[in-house]
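Input: a single structure, listed below in structure tokens.
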Ligand code: PMP
């Protein structure tokens with residue numbers, strides 16, 4: 001029988017799927033690494049697993065302890081899955097602007113969710129960052145992974161994501177493209193691929209227009225999970241050769257295209273990365289091979305990117321012209 005003890009044993013080892021020529025005919029192939037096939041539905045499962053394992057080893061997380069983190073998204077799901085497997089409790093703090101759906105997912109996995117006011121400064125004691133800090137201090141055996149400074153975040157990608165890509169392309173990859181949030185993915189994968197190829201593989205960041213990684217000042221954008229207004233410790237700029245700025249409009253239109261044409265229902269950061277990946281692939285000849293990382297599923301964005309009214313509201317799509325109706329003719 002082929003049986004896994006727990007769904008956590010299925011984290012990682014995600015497949016590469018060809019995006020070209022379905023999306024566009026390019027001379028260099030563009031391949032997507034589909035991270036939503038991980039059990040928690042995102043690339044963050046790998047990071048959660050690595051951070052928890054390292055904390056167990058160092059003694060920072062003790063049996064029966066409580067994992068506390070300010071997160072509303074994919075990292076929370078990954079941590080909750082790993083916690084269920086290893087017998088920890090989870091408490092996540094998040095601002096009250098986060099949708100009911102996202103709170104419900106984390107509660108469904110058994111986590112406790114603490115809602116904090118959005119309209120306060122990050123250093124206000126009521127903010128979700130500060131509430132998480134206070135809870136860590138007040139909870140016996142409380143531990144916070146802190147994904148923005150934890151070296152095991154990039155290390156997880158250096159140990160798993162990078163080697164999988166090298167193996168599955170038979171060492172033929174020439175360019176790796178990924179969005180940058182904490183920077184864990186691009187830094188870890190970049191470090192591995194640079195090392196194994198003697199610096200030959202080019203590492204390309206995909207960044208929302210306005211974010212600091214592509215020279216912005218933190219101007220707001222709507223793509224979720226990528227871009228920052230600060231430089232996190234987990235981002236290693238020395239391995240990144242180039243950063244492409246991509247607009248919300250391009251990201252969301254591509255995200256919708258990928259669902260229709262390739263059957264890949266992705267979050268907006270996947271669409272953003274594919275826009276940058278295609279720019280790179282178009283520049284290359286048949287010896288090029290571009291791999292783009294697709295971080296999560298579009299299921300969490302049905303009321304936004306995949307909702308026409310929402311797209312009209314922000315001007316990303318033109319509403320259909322309404323012609324004369326049957327009622328007008330009567
Ligand atoms: N896309 C999504 C949807 C994410 O949740 C994240 C993680 N913040 C990323 C991309 C970027 O990954 P990283 O933090 O490794 O840079």
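Summed over segment 79-137, residues that are under 25 Å from residue 152 (Cα atoms) and assigned to a strand (DSSP E or B) total 8.
Filtered by the rule that a residue be without any contact (Cβ under 8 Å) to a residue 40 or more places away in the chain and farther than 19 Å from residue 154 by Cβ, segment 165-213 gives 167, 170, 171, 198, 200, 209, 210.
Here residue 286 fulfils each of the conditions (1) closer than 25 Å to residue 22 by Cα; (2) surrounded by fewer than 17 Cβ atoms within 10 Å (Cβ to Cβ); (3) touching a residue at least 12 places away in the same chain (Cβ under 8 Å); (4) within 16 Å of the ligand (Cβ to nearest atom) apart from (4). Select from segment 17-53 the residues that are surrounded by fewer than 18 Cβ atoms within 10 Å (Cβ to Cβ) and closer than 18 Å to residue 290 by Cα and write down the one among them that is nearest to the chain's Cα centre (by Cα). Across segment 17-53, the extreme among qualifying residues is 17. Count of segment 113-123 residues, restricted to those that are surrounded by fewer than 14 Cβ atoms within 10 Å (Cβ to Cβ) and either in contact with a strand residue (DSSP E or B) (Cβ under 6 Å, 6 or more places away or on another chain) or farther than 20 Å from residue 99 by Cβ (or both), is 4. Residues being closer than 21 Å to residue 99 by Cβ and touching a residue at least 12 places away in the same chain (Cβ under 8 Å) are represented in segment 33-40 by at least one member. Flag set for residue 306, criterion: part of a loop (DSSP other than H, G, I, E, B), surrounded by 12 or more Cβ atoms within 10 Å (Cβ to Cβ) and within 16 Å of the ligand (Cβ to nearest atom). Quick one: would you say residue 165 is within 24 Å of residue 45 (Cα to Cα), within 13 Å of the ligand (Cβ to nearest atom) and touching a strand residue (DSSP E or B) at 6+ places or on another chain (Cβ under 6 Å)? In short, no.
Residue count for segment 62-73, restricted to those that are surrounded by 24 or more Cβ atoms within 10 Å (Cβ to Cβ) and more than 16 Å from the ligand (Cβ to nearest atom): 2.
Can you find even one residue in segment 269-281 that is closer than 27 Å to residue 149 by Cα and more than 14 Å from the chain's Cα centre (by Cα)? Within segment 269-281, one or more residues are closer than 27 Å to residue 149 by Cα and more than 14 Å from the chain's Cα centre (by Cα). May I ask you to verify whether residue 232 is within 12 Å of the ligand (Cβ to nearest atom) and either in contact with a strand residue (DSSP E or B) (Cβ under 6 Å, 6 or more places away or on another chain) or farther than 19 Å from residue 176 by Cβ (or both)? In short, yes. Annotation note: of 218, 210, 225, 199, the sole residue that is at positive phi, in a loop (DSSP other than H, G, I, E, B) and within 12 Å of the ligand (Cβ to nearest atom) is 225. Restricting attention to segment 282-303, the residues that are assigned to a helix (DSSP H, G or I) and under 21 Å from the mean Cα position of the chain (by Cα) total 4. Within segment 236-271, being assigned to a helix (DSSP H, G or I) and over 23 Å from residue 217 (Cα atoms) holds for 253, 254, 255, 256, 257, 258, 259, 260, 261, 262.
Here is a yes/no grid of residues against (1) out of contact with any helix residue (DSSP H, G or I) (no Cβ under 6 Å at 6 or more places or on another chain); (2) within 16 Å of the ligand (Cβ to nearest atom); (3) at negative phi:
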position	(1), (2), (3)
8	no, no, yes
32	yes, yes, yes
49	no, yes, yes
53	yes, no, yes
57	yes, no, yes
75	no, yes, yes
89	yes, no, yes
93	no, no, yes
106	no, yes, yes
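Scanning segment 159-189 for residues that are surrounded by fewer than 21 Cβ atoms within 10 Å (Cβ to Cβ) and assigned to a loop (DSSP other than H, G, I, E, B) yields 169, 170, 171, 172, 174.
Every read-out reported here was derived from the displayed coordinates using simple, explicitly stated rules and does not represent laboratory data. No experiment lies behind these values; they were computed from the predicted model shown. Cβ coordinates were reconstructed from backbone atoms using ideal geometry, including for glycine residues, and neighbour counts include every protein chain displayed.
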